[in-house]
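First comes the structure, then the notes that go with it.
The values are calculated or read from the model by the stated rules, or taken from the named source; none is laboratory data. Quantities reported herein were computed from a predicted structural model and do not represent experimental measurements. With ideal geometry, Cβ positions are generated from the backbone for all residues, glycine too; neighbour counts draw on all protein chains shown.
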Amino acid sequence: MVLSYYLLKPFYSACWRVLNLFVKRSETVFYCHTPIDMQNWLPVQEHLQPLRIVTDKPATYRDLKAEGFNPGRLPCFPKAVLMCRVAAHKFPSAKVIKIGMRHGPYHFKRFTSAKHYAPFSLYLFTSEADLKQARKAGVRCGEIGGYPKLDPWLKGRISLPPNPASNKAKILFTSTYDGSGMSAIEHWLPLLPRLAESYEIYVSLHPWMSAGYVEQIKAMPAVHYVADRPLPYIALADLVIVDSSSIIAECCALDKPLISWKLPEAPRSVAQITEILEQASIRISHPSELSAAIERCLQNPHEHQQARQNAAAIFFDKLDGEASKRTAKHIIKLLPEIGL
């Protein structure tokens, strides 16, 4: 647990208890760390009573307001909190019921300490394999919820982004944040202007990516920067360039051809993900290999299709568009008053 949990717990717990004496705590809230969390949360919210959204991040507060939500700010003192994070320390009292779910699919970075999950009454994972690894790491509050973010796509409720007028093949470049030691952005960033002459180029970066990289990409006139909603562009793309981000799972779910970079092992690297990429993608280790890999991928989009399907079965137990409903059922078991 982070230090702030122990520093704030006596004060927060005392406030919660005093407030509960005057008005019994009955509210359930959704804690939003970044707007990305909303993509996995909103399909679940459809199956529950409307819940108030709260955040402690000024940028998230502004973004939510701009999108038409009316978020509250921390601190708040609810009966229960739902979140797409492992951030129980934001509500440092054992009296607050905590339910968590992933904001991205599976575990593409090594599990953090199980003690971060200990305050949760329930934490929902995306598949049996995901849950098995969580339990192996010492997590004792896990169940399988699935990945609600994909439900609108699997149900055909969301349209593709507008297609550009050109007939160029569409390529999505993606990267996890550079501070993880698991990003390949330095390999491909200098190549984008030249590649944009032949292909329609889109770029999606992890929200924690250093601002310098983001600004470089935004300054490239022929490159389309995708801020925080890459899923429509995965669906649009003819192929996706990946490193070690959980976007790999979404690409497998939508059966998109992959090119991946061979990277040195980092402290939080997951060997299983490397093994999956060896089977499900074209692997390259140097920028000079990229052009040939792109053409190979475009000419043979089904080359690794079976391996992608096998990987999707590891990342997700079911891709039936019902993950949000299953997740809501788990939540209602603990909090029946918020069910529809």
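Data table
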{"item": "Residue match in region 185-192 (condition: within 17 Å of the chain's Cα centre (by Cα) and over 29 Å from Lys98 (Cα atoms))", "result": "no"}
{"item": "Pair list, Cβ under 8 Å, 6 or more apart: region 244-261 residue of a type in the set (D, E, K, R), other residue part of a strand (DSSP E or B) and modelled with pLDDT of 95 or more", "result": "Lys256/Leu239; Lys256/Val240"}
{"item": "Close pairs (6 angstrom Cβ cut-off, 6 or more residues apart or separate chains): over 14 Å from Pro264 (Cα atoms) in region 162-187, β-branched (Val, Ile, Thr) anywhere", "result": "Ile171/Ile201; Leu172/Val240; Phe173/Val203; Phe173/Ile241; Thr174/Val242; Thr174/Ile247; Ser175/Ile185"}
{"item": "Filtered residues of region 7-38 (kept if part of a helix (DSSP H, G or I), closer than 20 Å to Met83 by Cα and not small (Gly, Ala, Ser))", "result": "Leu8, Lys9, Tyr12, Trp16, Ile36, Asp37, Met38"}
{"item": "Residue that is farthest from the chain's Cα centre (by Cα), among those in region 294-327 that are surrounded by fewer than 19 Cβ atoms within 10 Å (Cβ to Cβ) and of a type in the set (Gly, Ala, Ser)", "result": "Ala307"}
{"item": "Exclusive hit being in contact (Cβ under 8 Å) with a residue 12 or more places away in the chain, within 17 Å of Pro148 (Cα to Cα), among the basic types (Lys, Arg) and in contact with a strand residue (DSSP E or B) (Cβ under 8 Å, 6 or more places away or on another chain), set Arg52, Arg73, Arg85", "result": "Arg85"}
{"item": "Residue in region 185-195 that is at pLDDT 95 or above, assigned by TED's automatic domain parsing to the domain that holds Ala292, buried (at least 16 other Cβ atoms within 10 Å of the Cβ) and aromatic (Phe, Trp, Tyr) present", "result": "yes"}
{"item": "Boolean, Arg157 is exposed (fewer than 15 other Cβ atoms within 10 Å of the Cβ) and modelled with pLDDT of 95 or more", "result": "no"}
{"item": "Matching helices (runs of 4 or more DSSP H) fully within region 161-262 where at least 1 residues are among the basic types (Lys, Arg)", "result": "192-195, 211-218"}
{"item": "Residue list for region 273-294, restricted to those being within 26 Å of Leu319 (Cβ to Cβ) and in contact (Cβ under 8 Å) with a residue 40 or more places away in the chain", "result": "Ile273"}
{"item": "Tally of residues being of a type in the set (A, V, I, L, M, F, W, C) and surrounded by 16 or more Cβ atoms within 10 Å (Cβ to Cβ) across region 206-238", "result": "9"}
{"item": "Region 248-279, residues that are hydroxyl-bearing (Ser, Thr, Tyr) and crowded, with 17+ Cβ neighbours inside 10 Å", "result": "Ser260, Ser269"}
{"item": "Val203 being under 29 Å from Asn310 (Cβ atoms), buried (at least 23 other Cβ atoms within 10 Å of the Cβ) and in contact with a Lys or Arg (Cβ under 6 Å, 6 or more places away or on another chain)", "result": "no"}
{"item": "Identity of the residue in region 97-152, assigned to a loop (DSSP other than H, G, I, E, B) and of a type in the set (A, V, I, L, M, F, W, C), that ends up nearest to Tyr6 (Cα to Cα)", "result": "Ala118"}
